[in-house]
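Participant: Structure below; questions to follow.
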Amino acid sequence: MRVLVAVYSKTFNTLKLANAIKESTGADLTRIEDRKAHGFIFSGLLAMLRWKTAIKPCRTDLKDYDMLILCCPSWARMPPGAVNRYMADLKNVEGKKLAVAVTMGSTGGDQVTGRIRKVLEKKGMRYIDNLVLRMDDVQKGAYFQSAGQFAARVKSKAAMPYVVEETKQKVGRVMRILNALIKIVK
Ligand SMILES: Cc1cc2nc3c(=O)[nH]c(=O)nc-3n(C[C@H](O)[C@H](O)[C@H](O)COP(=O)(O)O)c2cc1C
């Protein structure tokens, strides 16, 4: 299984996590970097607007890989503009597996994962798993174990025929809806 870890990280929390995932999976790593830096508020605004901001050249062709692990922070509960650009630039992604790792202050990890999943499933990728961590946990060093567990989970899920993983995800979704309905009825 050939894995590419692609990481956008401005203050290095996500980079630390991505490096630990790279070590645990034996993946290659590519850095997604802004061509031009923006300030905090403008960066958040561009992310909210789902803008695609210019990036430096990096590995966007997945022809030599079976899986992409895309790692980025939560910005205004959205992927950063550079990550939007990266996703648009990705080539040879059809049928390839996708996992997502997100760091955040305290909110938005699930929304970021959901957004990345939506964009890349539209391009034909097959989502298998995600990891969301708070920046405090990364800074305290608590990310290493999570990264190892995530890497092991991702590898075993990626080895399964996709139809099994897809069925598990669909059953999980139906169970969540049923539980919500039961709560409403009660
Ligand atoms: C422009 C901007 C917007 C952010 N928006 C959020 C947010 O909506 N929710 C949150 O929990 N953290 C937010 N953060 C904090 C980052 O998600 C968090 O610090 C993350 O770990 C940074 O990753 P990095 O060090 O890899 O750049 C924001 C940070 C920046 C720079």
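Participant: Which one of these does Asn84 not meet: (1) within 14 Å of the chain's Cα centre (by Cα); (2) surrounded by fewer than 22 Cβ atoms within 10 Å (Cβ to Cβ)?
Facilitator: In the conditions (1) within 14 Å of the chain's Cα centre (by Cα); (2) surrounded by fewer than 22 Cβ atoms within 10 Å (Cβ to Cβ), Asn84 misses (2) alone.
Participant: Confirm whether Met160 is touching a residue at least 40 places away in the same chain (Cβ under 8 Å) and of a type outside the set (Ser, Thr, Tyr).
Facilitator: no
Participant: Now for a different question. Name, by its number, the condition in (1) under 16 Å from the mean Cα position of the chain (by Cα); (2) within 14 Å of the ligand (Cβ to nearest atom) that does not hold for Ala151.
Facilitator: That leaves (2) as the condition not met.
Participant: In the range 94-119, what residues are among the hydrophobic types (A, V, I, L, M, F, W, C), touching a helix residue (DSSP H, G or I) at 6+ places or on another chain (Cβ under 8 Å) and closer than 20 Å to Ala151 by Cα?
Facilitator: Across the range 94-119, the qualifying residues are Leu98, Ala99, Val100, Ala101, Val102, Met104, Ile116.
Participant: Would you please name the residue that is surrounded by the most Cβ atoms within 10 Å (Cβ to Cβ), looking only at residues in the range 121-134 that are touching a residue at least 24 places away in the same chain (Cβ under 8 Å) and not in a strand (DSSP E or B)?
Facilitator: It comes out as Met125.
Participant: Exactly one condition in (1) farther than 24 Å from Ser156 by Cα; (2) in contact with a Lys or Arg (Cβ under 6 Å, 6 or more places away or on another chain) is not met by Lys91; state its number.
Facilitator: In the conditions (1) farther than 24 Å from Ser156 by Cα; (2) in contact with a Lys or Arg (Cβ under 6 Å, 6 or more places away or on another chain), Lys91 misses (2) alone.
Participant: Among the listed residues Leu62, Leu17, Leu46, Leu68, identify the single one that is of a type outside the set (Lys, Arg) and in contact with a His (Cβ under 9 Å, 6 or more places away or on another chain). Steps first, please.
Facilitator: Details: Leu62 fails: in contact with a His (Cβ under 9 Å, 6 or more places away or on another chain); Leu17 fails: in contact with a His (Cβ under 9 Å, 6 or more places away or on another chain); Leu68 fails: in contact with a His (Cβ under 9 Å, 6 or more places away or on another chain).
Only one candidate qualifies: Leu46.
Participant: Okay, next question. Criterion first (assigned to a strand (DSSP E or B), surrounded by 11 or more Cβ atoms within 10 Å (Cβ to Cβ) and free of Cβ contacts under 8 Å to residues at least 40 places away in the same chain) does Thr53 satisfy it? Spell out how you get there, then give the answer.
Facilitator: Working: assigned to a strand (DSSP E or B): no; surrounded by 11 or more Cβ atoms within 10 Å (Cβ to Cβ): yes; free of Cβ contacts under 8 Å to residues at least 40 places away in the same chain: yes.
Answer is no for this residue.
Participant: If you go through the range 60-69 one residue at a time, do you hit one that is assigned to a loop (DSSP other than H, G, I, E, B), among the acidic types (Asp, Glu), touching a residue at least 12 places away in the same chain (Cβ under 8 Å) and in contact with a Lys or Arg (Cβ under 8 Å, 6 or more places away or on another chain)?
Facilitator: yes
Participant: Let me ask another. Scan the range 37-70 for residues that are under 30 Å from Lys157 (Cβ atoms) and small (Gly, Ala, Ser) and jot them down. Break it down into steps so the answer makes sense when it comes.
Facilitator: First, the residues of the range 37-70 that are under 30 Å from Lys157 (Cβ atoms): 47, 50, 52, 55, 58-70.
Answer for the range 37-70, where residues must be under 30 Å from Lys157 (Cβ atoms) and small (Gly, Ala, Ser): just Ala47.
Participant: Filter the range 87-120 down to the residues that are in contact (Cβ under 8 Å) with a residue 60 or more places away in the chain and away from the ligand (no atom under 14 Å from the Cβ) and list them by number.
Facilitator: Residue satisfying the conditions is Lys97 alone.
Participant: Inside the range 28-51, can you point out the residues that are more than 7 Å from the ligand (Cβ to nearest atom), among the aromatic types (Phe, Trp, Tyr) and farther than 21 Å from Thr113 by Cβ?
Facilitator: If the condition is that a residue be more than 7 Å from the ligand (Cβ to nearest atom), among the aromatic types (Phe, Trp, Tyr) and farther than 21 Å from Thr113 by Cβ, then Phe42 is the only one that fits.
Participant: Give the residue that is nearest to the ligand (Cβ to nearest atom), with candidates limited to residues of the range 17-27 that are surrounded by fewer than 22 Cβ atoms within 10 Å (Cβ to Cβ) and not small (Gly, Ala, Ser).
Facilitator: Per the criteria, the residue is Asn19.
Values quoted throughout were computed directly from the atomic coordinates according to the rules given, and no laboratory measurement underlies them. Just so we're clear, the structure is a prediction, and the values are computed from it rather than from any experiment. Please note: Cβ atoms are built from the backbone with ideal geometry, for glycine as well, and neighbour counts cover all protein chains shown.
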